[in-house]
Structure formats: structure tokens, C-alpha cells
Amino acid sequence: MNPDNGYISDYLIHWTGKEGDDVGAEVLSLIASTCQLLLSYNIFHILDIYNKIHEKMVCFTDVPLSHVAQHSNRYGRFAIAFHKLSLMNIGAQPVFYCTHANKSDLDVIFKFLREQNKKTTIESATFEALKRHFYFMQTFSKGKADEKDTFYYEREWRLGKQNLAPLEMWNRPDNPKYHIIQAGYPRYCGKLSVQGENEYFQFSEKDVAFLIYPRDWASRINNPSRFSIKNYEDMFNDF
């Protein structure tokens, strides 16, 4: 099966060039050199701008490469692509999109989660399960669903901090997976690296499918693991 047939992709791609080519190249080099993705706060609100939920996560898209031109116009020409199944196996999942016609339901869910985040009155395991899924909410678009440019077109996936267990637990010699589950982390989870105030998703080299960047930027990209490369200019012709 073609992993990128213009309909669905077997890759989850994290783009790094939103702030320009120089930043995109620098960040991609850092990611490829450390095998780490920085977790950042996704600040979202449903009711109004004053009612927000903060949750650390890392974002991807599964827009097929042959159709990624519009997406990369916003997020740059530099990226790292992961095997989708690898990240699915540790908890990455698609964003839960909701159209304007169902916004009232989204408001109810959001309000409940926000209140439970302040003072939990339900069973902890139930709340954590809700967080792992419904903290990935996103409105379909800023307005009505007939807008030409909607959030839904980004085909976003997210991996939240809730699905990552600290490295010290993974490094235990005595059945670390057992202790991870006993500590309340989900059965399927990844590795969390904490360095000062920063927290990272620590991925494995085998999780990576390839790097993406323009051909004339090759000398600016650090790639000590020798990940496969796809030149940005060639992507639209390769698939």
C-alpha cells in the first residue's frame, strides 16, 4: 500500500518552520540531534477568551505530502515525519473537531472539564481518561463550517503530556512497564524527559520516517542519526 496516496497518510509530521526558514532549520537540527520534541502549552478556549485550559502537548498533521503545500505555507518547509503507527501506540490521536452546530455540546464538555480541573469530584481515573481525549477538542472553524480555511483542514494530531511517563520510570531495571501502569500512567505511553523548566517527548530513532527540508538547506541541517531525507521541492512529484 502506498503510505501517502493522496487520501490518507501513514505519517505524522511535525513542522518547524512557522517562524521562518532560519528558525525552522535550527529547530529541526535540534530535534534530529536530540531525538526530543519540546512540549508546549496548547491554550484553548471554547466559552470565551477568559475561560481557558492549558495543557502541554506536541502537535502533528497527517495531511498527505502530495497535498501539503497549503499547510506548509503556514507552517514552513522544515519537518520531521514519524511512522503514524509508532506514535499511535503511545497515545497520539486525532484532534476532536466540533462544528458550529454542535458548539453548545462542546461548551458543556469544556465547562465540566475546566471545573473538574480546579476541583475534581469524580473518580480520578475517569477524569484522567476524559482529559486524555477531550483536552484535544478543537472547533471546526472560527465561524460557520462553510469557511474555505478551517482548522479541520490541518488534520491535526496531538500527543499530550498525560501519555508520557518520566524517563526515570522507564530506566528502572525491574519491569518498568509494570511500575508505570501502577503509578497511574496509561498502558500505552511514551517517554517524558524533564530538563529544568522544559519538558520533552523523547522518541526513538526507529519512530522516525524521514526529515523534510529544501535541498539548498542541506548543509544547515544536523542529522547525526542519518535519518532519511525528502527534499521539500520534490515531495509533490514523488507521490
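The values are calculated or read from the model by the stated rules, or taken from the named source; none is laboratory data. Note that the structure is predicted; figures quoted are calculated from it, not measured. Methodologically, a virtual Cβ is constructed for each residue, glycine included, from the backbone with ideal geometry; neighbour enumeration extends over all protein chains shown.
Under the condition of being closer than 17 Å to R226 by Cα and part of a strand (DSSP E or B), the residues counted in segment 192-216 number 6. Might you check whether a residue that is within 24 Å of S29 (Cβ to Cβ) and under 23 Å from the mean Cα position of the chain (by Cα) occurs anywhere in segment 167-189? Yes. The lone criterion from (1) within 28 Å of I80 (Cα to Cα); (2) in contact with a strand residue (DSSP E or B) (Cβ under 9 Å, 6 or more places away or on another chain); (3) of a type outside the set (S, T, N, Q) left unmet by E197 is number (2).
Pick out the one residue from Y232, Y213, Y153, Y185 that is in contact (Cβ under 8 Å) with a residue 60 or more places away in the chain, of a type in the set (S, T, Y) and under 25 Å from Y41 (Cβ atoms).
From the options Y232, Y213, Y153, Y185, the qualifying one is Y153.
Check whether at least one residue in segment 194-204 is out of contact with any Ser or Thr (no Cβ under 7 Å at 6 or more places or on another chain), among the small types (G, A, S) and under 20 Å from V63 (Cβ atoms), and report yes or no. The answer is no, given that none of the residues of segment 194-204 is out of contact with any Ser or Thr (no Cβ under 7 Å at 6 or more places or on another chain), among the small types (G, A, S) and under 20 Å from V63 (Cβ atoms). Has segment 139-161 got at least one residue that is touching a Pro at 6+ places or on another chain (Cβ under 9 Å), surrounded by 18 or more Cβ atoms within 10 Å (Cβ to Cβ) and more than 26 Å from Y7 (Cα to Cα)? No: zero hits.
The set of residues from segment 10-35 being closer than 16 Å to L211 by Cβ and in contact with an Asp or Glu (Cβ under 8 Å, 6 or more places away or on another chain) comprises Y11, L12, I13, C35.
The residue that is nearest to the chain's Cα centre (by Cα), counting only those in segment 109-131 that are among the polar types (S, T, N, Q) and assigned to a loop (DSSP other than H, G, I, E, B), is T120. Annotation note: of P176, P166, the sole residue that is touching a residue at least 24 places away in the same chain (Cβ under 8 Å), surrounded by 14 or more Cβ atoms within 10 Å (Cβ to Cβ), over 27 Å from D62 (Cβ atoms) and not hydrophobic (A, V, I, L, M, F, W, C) is P166. Of all residues in segment 193-202, those that are under 16 Å from the mean Cα position of the chain (by Cα) and without any contact (Cβ under 8 Å) to a residue 60 or more places away in the chain total 0.
Only residues that are under 14 Å from K191 (Cα atoms), within 13 Å of the chain's Cα centre (by Cα) and not aliphatic (A, V, I, L, M): list them for segment 87-100, please.
Step one: list which residues in segment 87-100 are under 14 Å from K191 (Cα atoms), which gives 87-92.
Pick out the ones that are also within 13 Å of the chain's Cα centre (by Cα) and you get 87-88, 90-92.
Matches in segment 87-100: G91 only.
Taking V58 as the residue in question, decide whether it is surrounded by 13 or more Cβ atoms within 10 Å (Cβ to Cβ), more than 30 Å from R114 (Cβ to Cβ), at pLDDT 85 or above and β-branched (V, I, T). No, not satisfied. For segment 23-40, the candidate set comprises residues that are touching a Lys or Arg at 6+ places or on another chain (Cβ under 9 Å) and closer than 14 Å to Y200 by Cβ; within that set, the residue that is modelled with the lowest pLDDT is S40.
Can you name the residue in segment 80-119 that is in contact with a strand residue (DSSP E or B) (Cβ under 9 Å, 6 or more places away or on another chain) and of a type in the set (D, E, K, R) and, of all such residues, is modelled with the highest pLDDT? Out of the qualifying residues, it is K84.
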